[in-house]
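What follows is a single structure, written as structure tokens, with notes after it.
Coordinate-derived values only; no laboratory data. As the structure is a computational prediction, the values presented were derived from the model and not from experiment. For neighbour counting, all protein chains shown are included, and Cβ atoms are generated from backbone atoms with ideal geometry for every residue, glycine included.
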Amino acid sequence: MKITKIETVRIEEFFHVLWVRVHTDEGQIGLGETWYLPRAVGSVIHDVYSPHLIGRNPLDREALWDLMYGIAEGFGYAGAEFRALSAVDTALWDIAGQAMGQPIYNLLGGACRQKIPIYNTIGSYGKYQDNEWEMRDPVGLARSYIDEGIRMFKAYYMLPAARSNGGNSITYKEIKEALKPLAMIRKAVGDDIEIAHDGAGQWSLPAAINIVRAMEEYDLAWQEEMIRPVNVETHLRLAQETRTPICAAERLISKYHFREFIERGAAQIVMPDLIWTGGITETKKIATLAETYQTPVAPHDWTGPVNVFACAHISMAVPNLMVQETNRAYYRGWYDKFIEPNVVIRDGFLMPPEGPGLGTRLKKSVLERSDATIEVSDQAYEWNWPGFIDPGQKKSNVWSDAPKPAPKRSVRKR
């Protein structure tokens with residue numbers, strides 16, 4: 001089996017999403033996805049990774065992951081390079097599952113559960129305007145989740161307050177005002193639903209300490225990214241100042257970033273974002289690392305539909321799963337425009353994907369949309385730092401001082 005071409009697909013309507021389709025000579029098409037800066041990610045895929053991947057065996061996932069990481073690491077990998085790697089890696093796992101006739105979670109070790117517990121992050125799309133609903137009727141919003149069997153949700157109560165002064169300070173009057181919706185929910189429904197809080201990385205350490213202490217009376221599931229995860233010592237200090245678990249963090253990229261946060265206990269709940277942090281290959285390793293420290297994982301998702309499927313396979317296969325993030329405004333609002341089948345959620349649980357591989361695919365209509373831009377690479381080159389080596393030239397580890405022209409790639413704008 002060989003990789004014959006790699007496509008990227010972006011849609012103007014959802015301009016942050018980039019889908020990747022990896023084709024093989026045996027007819028499989030692996031699907032991957034990432035989110036944010038799709039043009040930059042597409043350039044990495046076509047200009048850097050694809051020349052090395054064309055002609056390779058897609059089942060050699062570890063070797064290809066290491067190949068892509070080795071290229072990107074020399075330039076600082078935690079950006080478009082890792083988003084690109086994550087999308088390609090997911091597509092390779094999809095191919096492997098298709099080739100072996102198994103869902104990906106069976107390739108990861110098999111099922112640890114029959115269904116996946118979820119929580120809902122407040123979001124808005126179409127008829128599900130949950131952000132607005134929370135503002136005018138927080139109790140009604142909470143009860144709507146309970147009525148659907150959703151046992152946990154996540155909100156951003158303190159985010160508006162951070163915007164007034166950059167999150168450098170907060171008064172107790174401001175905290176009390178910001179937490180009125182939370183107080184109303186707890187008074188009305190008690191402990192019938194779990195609530196997590198996301199600080200969006202907006203606060204200084206002293207302000208974050210004051211906030212998490214003030215919120216303890218509401219018995220939160222966790223405090224997430226109250227401060228940016230750029231300093232493990234400050235995260236550890238925050239964790240020591242509250243009885244609420246500290247969750248970190250979708251901004252950490254790869255096992256190398258997560259390692260110290262897990263080892264030091266600064267991340268008491270681990271939240272990798274699969275389509276940013278290195279794909280299925282890396283997320284499974286992060287979950288295993290967390291398991292060795294008796295730390296649960298809660299995969300992050302507030303993006304596109306393929307990520308939910310990919311995370312579902314991780315969530316099925318790891319023993320230390322806590323809960324999986326979802327967004328009902330998305331999976332009921334726009335996912336089914338692009339994939340078939342859609343995710344299936346029943347009574348607060350995500351059902352395991354069915355069928356081989358990921359268990360979903362892009363609809364044919366996506367490739368025919370008027371706002372679609374599709375780019376294709378199908379030439380094998382060896383890439384080095386100065387440029388590209390001519391495909392007819394013998395491969396060498398010696399860097400050339402004379403850059404060669406980049407391989408051509410086809411672009412189709414509908």
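In whole Hz, what ³J(HN,Hα) sequence does region 359-374 give by Karplus (6.51, -1.76, 1.60; θ = phi - 60°), x for Gly and Pro?
Values, residue by residue: x, 8, 8, 5, 5, 4, 5, 4, 6, 9, 5, 5, 9, 8, 10, 10 Hz.
Can you tell me the dipole magnitude for region 105-355 around its Cα centre, using point charges on the Cβ only (Lys, Arg +1; Asp, Glu -1), in Debye to the nearest 20? Write out the running numbers ahead of the final one.
On the way: 27 positive and 31 negative charges, 34 e Å.
Using Cβ point charges on Lys, Arg, Asp and Glu, region 105-355 gives about 160 debye.
Starting from the amide H of I118, placed 1.01 Å from N in the peptide plane, find each other amide H under 5 Å away whose residue is 5 or more places distant or on another chain.
Under 5 Å from the amide H of I118 lie the amide H atoms of Q324, L350, each far enough along the sequence or on another chain.
Per DSSP H run of n ≥ 4, the term is -39500 (n - 2.57); total these for the chain, divide by its residue number, and report the mean residue ellipticity at 222 nm rounded to 500 deg cm²/dmol.
Using -39500 (n - 2.57) per qualifying helix, the result is -10000 deg cm²/dmol.
Arrange T283, T24 by Cβ neighbour counts within 10 Å, fewest through most, would you?
Final ranking by Cβ density, sparse to dense: T24, T283.
List the GluC sites (Glu not before Pro) in region 275-380 that DSSP assigns to loop (not H, G, I, E or B) and whose Cβ has at most 15 other Cβ atoms within 10 Å. Which are they?
E354
I'd like the antiparallel share, as a percent to the nearest 5, of DSSP beta bridges with both residues in region 105-355. Let's see the in-between values first.
On the way: 6 of 23 bridges.
In region 105-355, approximately 25 percent of DSSP beta bridges are antiparallel ones.
Could you put F15, F349, F82 in order, starting from the residue whose Cβ has the fewest other Cβ atoms within 10 Å?
The fewest-first ordering by Cβ neighbours comes to F15, F349, F82.
For region 69-143 and region 316-341, what is the separation of their Cα centres, given in Å?
For region 69-143 versus region 316-341, the Cα centre distance is 7 Å.
At 7 Å along the Cα-to-beta-carbon direction for both M100 and Q379, put a label point, then send me their distance in nm to one decimal.
3.5
Taking 0.36 nm per intervening residue step and subtracting the Cα-Cα distance, what contour gain separates D60 from Y172 on full extension?
Taking 0.36 nm per residue and subtracting the Cα distance, the gain is 34.8 nm.
Suppose the chain between N320 and A200 were pulled fully straight at 0.36 nm per residue; how much longer would it get relative to their current alpha carbon spacing?
Full extension of this stretch gives 40.7 nm more.
Determine ³J(HN,Hα), in whole Hz, for all residues of region 164-173 in sequence, where each value follows from phi through the Karplus function 6.51 cos²θ - 1.76 cosθ + 1.60 and θ = phi - 60°; x replaces Gly and Pro.
With coefficients 6.51, -1.76 and 1.60, one gets 6, 9, x, x, 7, 7, 8, 9, 5, 5 Hz.
Would you please give the FRET efficiency between W133 and R213, computed as 1/(1 + (r/R0)^6) with r the Cβ-Cβ distance and R0 = 35 Å, to the nearest 0.05? Please list the in-between numbers first.
Numbers: r = 29 Å, r/R0 = 0.82.
For R0 = 35 Å, the calculated efficiency reads 0.75.
Compute the distance from the alpha-carbon center of region 25-53 to that of region 358-378, in whole Å.
Using only Cα atoms, the two centres lie 12 Å from each other.
I'd like to compare 165-177, 308-320: which one has the highest average count of other Cβ atoms within 10 Å, and what's the full order after that?
308-320, 165-177
Could you work out how far helix 305-317 tilts from the main Cα principal axis of the chain, as a 0 to 90 degree angle to the nearest 10?
Long axis of 305-317 versus the principal axis of the chain: about 80 degrees.
So which of K5/K115; K187/K255; K187/K337; K115/K180; K180/K255; K5/K285 end up more than 30 Å apart, counting from Cα to Cα?
K5/K115; K187/K255; K187/K337; K115/K180; K180/K255
Among D219, D273, D378, which comes first, then next, by fewest other beta-carbon atoms within 10 Å?
On the way: D219 13, D273 25, D378 17.
So the ranking, lowest neighbour count to highest, is D219, D378, D273.
Please say if region 105-355 is rounded, prolate or oblate, where rounded means a/c under 1.5 for a ≥ b ≥ c the square roots of the C-alpha gyration tensor eigenvalues, and otherwise the choice is prolate for a/b larger than b/c and oblate otherwise?
Oblate.
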